[in-house]
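Data block below; observations after.
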Amino acid sequence: MTSPPSSPPLIVTGGDSVYFPMIEELRLSLLAAFPDNPPPFGVIDAGLSPAQVDRLRAAETIVASLPDDPALPSAALRKRPALAANFGKLWLDRMFPGHEVLIWLDADTWVQDPAAIRLVAGAARTGALAIVPGGGRYWERHIEVRWMLRGLWGLAQVRSFNFKNGRHAGLSLSVLRDLATRPLLNAGVFGLRADAPHWAAMRRWQARILRHGKPFTSDQIAMALAVHVDGLRVELLPDTCNYIRPWRFDPREPALVEFWYPYPKVGIVHLAGQKEMRFDLSATTEVLDLLDQPSQLSLRYGRFQAMAHRE
């Protein structure tokens with residue numbers, strides 16, 4: 001007897017009115033990637049205008065706001081409403097009920113290859129947190145250190161993401177020592193089953209972090225604590241599921257591909273680190289082709305395809 005087919009995952013993003021153009025580009029990229037059966041799409045309203053919300057709902061997008069919960073910092077949200085997107089990542093099971101698998105994609109991402117979404121969904125269906133770790137062949141330095149006394153006797157201070165943010169959150173020294181040399185878990189893309197225990201664990205850590213730590217990074221460090229301290233299951237995904245840099249393109253398709261051989265096609269493009277490009281459609285960056293010839297291209301969905309076709 002064959003098992004019933006799995007329901008498609010809900011793809012969720014979030015942002016404010018400034019990020020709305022990229023939210024639309026992400027939605028359109030999903031429609032292009034899945035022309036026959038696009039997955040349902042959800043958006044956390046982190047400061048969208050009423051007209052933008054109406055436009056999303058007219059396109060059959062589920063728009064939700066943060067739950068009214070005392071664990072969420074109301075003062076910080078009043079000051080920076082856009083933080084609702086960061087906080088909301090750990091509340092997706094409550095904000096978007098009725099879905100077996102939830103996949104988060106930052107608003108500055110877009111989908112080039114549907115295989116990446118299938119990878120995230122497949123890993124999440126195992127009951128693990130499906131996520132791309134920091135490190136690997138695209139990181140020049142896996143751990144940042146500050147050398148003390150010019151490195152005499154090997155004295156150095158670890159400056160990793162986990163250590164810095166864990167220290168700001170007031171975590172114990174034993175936890176900091178354990179987290180310091182572990183790779184970060186990049187919260188820009190992740191998948192998780194709605195019934196996974198991770199949600200409650202991450203929210204518990206988030207509440208603790210928010211008492212002392214930085215609101216903007218509370219989601220990412222909470223994920224690391226749920227995995228590395230609580231020991232909850234994780235499936236580490238390849239870079240193609242959350243590709244940030246360096247950039248190369250194959251002019252034959254044209255498509256963005258991974259920088260190193262064998263140049264596989266990038267699945268999910270993430271514009272982290274491309275601040276100017278996120279808000280200026282005319283901005284470009286240098287992208288090498290397969291022969292190491294440079295071109296100035298936009299990495300925005302639609303703009304990249306148009307410009308690459310002209311190369």
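Here, each number is a calculation from the coordinates, and none is a lab measurement. Keep in mind the model is a prediction, meaning the values are calculated, not measured. Neighbour counts are summed over all protein chains in view; Cβ atoms, including those assigned to glycine, are modelled from backbone coordinates with ideal geometry.
Please list, or write none, the aspartates and glutamates whose alpha carbon is within less than 12 Å of the alpha carbon of K164, excluding same-chain residues fewer than 8 places away. Once the sequence-local aspartates and glutamates are set aside, what remains near K164 is E144.
Summarising the strand pairing of the chain, around 60 percent of its internal DSSP beta bridges are antiparallel. Calculated from the structure at hand, Rg and Dmax of the Cα atoms in Å is found among (i) 22.4, 81; (ii) 19.4, 63; (iii) 19.8, 68 as (iii). Exceedance of the 31 Å cut-off in Cα-Cα distance is limited, within the set K214/K275; K214/K265; K79/K265, to K214/K265; K79/K265.
Spin-label model, L281/R252: points 7 Å from Cα along the beta carbon direction are separated by 3.2 nm. Exposure proxy for S49, S174: other Cβ atoms within 10 Å of each Cβ, ordered fewest to most, give S174, S49. Working note: 222 nm ellipticity from helices only, DSSP H runs with n ≥ 4, each -39,500 (n - 2.57), summed and divided by the residues of the chain, gives -9000 deg cm²/dmol to the nearest 500.
Put in line by how crowded their Cβ is, counting other Cβ atoms within 10 Å and starting with the fewest, T13, T285, T126 read T126, T285, T13.
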